[in-house]
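Report on the following structure.
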Amino acid sequence: MAKGEELRARMKDYFSFEKQELAVLIPAIFITGFMFSIRDWGETSFQFWTGFGNLIVASIIAGISFFARFSWQKIYALRDGYLAEFKGWWSGILVAFVIALITNGRVPMVLVGGVVTSLMIRHRLGEFRYGHSYVDGAKIAFHGIVANIHLALLFAIGLYFSPNSYVFSTGLMLNWVMALCAAFPLPQTDGLNIYFGSRGLYYLTVIMVAVFGILLLTQTKIGLILAVFIVAVADIISMLMGA
């Protein structure tokens with residue numbers, strides 16, 4: 001497990017988004033932005049510039065959410081001696097897009113794919129069970145969902161202080177939906193890696209997504225306070241345990 005200067009050195013040498021990753025991520029960002037803004041092209045009549053502005057906002061939020069999620073997974077993987085690479089899922093993107101069109105955006109889904117890990121032999125020397133571990137892969141996948149939950153919480157805090165903000169409401173919903181869809185044990189999703197890597201961690205993932213969905217999407221003061229408290233305690237425990 002690398003920390004401090006060693007982790008920074010690994011990030012400097014290995015942290016990047018390759019062309020094949022960006023070739024899927026960039027189109028997925030705009031498709032996701034469209035799916036989450038499809039109902040926001042005018043309240044009573046079609047208004048192009050209003051809708052186009054909402055599309056740009058939703059796409060920016062999607063871009064921030066995607067890169068924050070996959071960046072955190074890449075960093076966590078490097079810490080444990082793995083290289084994490086985003087693998088896009090065009091079939092999932094197409095299915096999500098069709099469902100959004102059919103339901104007029106009432107059932108948005110984010111099925112862009114997940115990360116796959118490969119062993120960095122030199123950086124795994126001395127680690128417990130030197131070879132590739134499915135449990136480690138599950139933890140890396142899990143931390144992507146954790147990143148989305150943190151982002152959803154930040155947007156929920158902003159929404160509490162600015163209840164009519166399109167940015168905060170869209171950011172909250174998009175990140176929670178991203179966490180929910182990632183938890184599905186489908187091909188090329190992080191949920192499948194978690195399910196086969198650690199059944200206990202998978203059940204924790206499902207419970208976590210459900211609980212935060214209830215606490216944050218209800219947009220109540222007590223729900224937000226509980227969500228902040230749970231995240232703060234979990235982060236402190238995680239830091240103390242070095243997880």
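Only the coordinates and a few stated rules stand behind these numbers; no lab work does. Predicted model only: the values in this text are computed from it and were never measured. Quick reminder, even Gly has a Cβ in these numbers, built from the backbone with ideal geometry, and neighbours come from all protein chains shown.
Of all residues being touching a Gly at 6+ places or on another chain (Cβ under 6 Å) and under 15 Å from Ala152 (Cβ atoms) in the range 59-75, which is surrounded by the fewest Cβ atoms within 10 Å (Cβ to Cβ)? Just the residue, please.
Ile61
Could you please find all residues in the range 76-118 being surrounded by fewer than 16 Cβ atoms within 10 Å (Cβ to Cβ), outside any strand (DSSP E or B) and touching a Leu at 6+ places or on another chain (Cβ under 7 Å)?
If the condition is that a residue be surrounded by fewer than 16 Cβ atoms within 10 Å (Cβ to Cβ), outside any strand (DSSP E or B) and touching a Leu at 6+ places or on another chain (Cβ under 7 Å), then Val95 is the only one that fits.
Which of the residues belonging to the range 164-194 are in contact (Cβ under 8 Å) with a residue 40 or more places away in the chain and over 16 Å from the mean Cα position of the chain (by Cα)?
Tyr166, Val167, Pro187, listed by residue number.
Do you know which residues across the range 144-163 are assigned to a helix (DSSP H, G or I), more than 17 Å from Ala210 (Cα to Cα) and either within 9 Å of the chain's Cα centre (by Cα) or among the small types (Gly, Ala, Ser) (or both)?
Residue satisfying the conditions is Gly158 alone.
Here is a check on your reading of the model: is Tyr160 of a type in the set (Ser, Thr, Tyr) and either within 30 Å of Arg10 (Cα to Cα) or touching a residue at least 60 places away in the same chain (Cβ under 8 Å) (or both)?
Taking the combined requirement at face value, the residue satisfies it.
Would you please list the contacts, defined by Cβ atoms under 8 Å and residues six or more apart or on different chains, that run from a residue in the range 5-26 that is closer than 13 Å to Lys74 by Cβ to a residue that is among the β-branched types (Val, Ile, Thr) and assigned to a helix (DSSP H, G or I)?
Leu7/Ile75; Met11/Ile75; Phe15/Ile75
Would you confirm, using the coordinates I've provided, whether Phe17 is assigned to a loop (DSSP other than H, G, I, E, B), out of contact with any Lys or Arg (no Cβ under 7 Å at 6 or more places or on another chain), closer than 30 Å to Met120 by Cα and of a type in the set (A, V, I, L, M, F, W, C)?
yes
So Ala232 clears everything in (1) free of Cβ contacts under 8 Å to residues at least 60 places away in the same chain; (2) in contact with a helix residue (DSSP H, G or I) (Cβ under 8 Å, 6 or more places away or on another chain) except one condition, right? Which one?
The one condition Ala232 does not meet is (2).
Listed residues Leu174, Leu180, Leu201; which is among the aliphatic types (A, V, I, L, M), crowded, with 22+ Cβ neighbours inside 10 Å and part of a helix (DSSP H, G or I)?
Leu174
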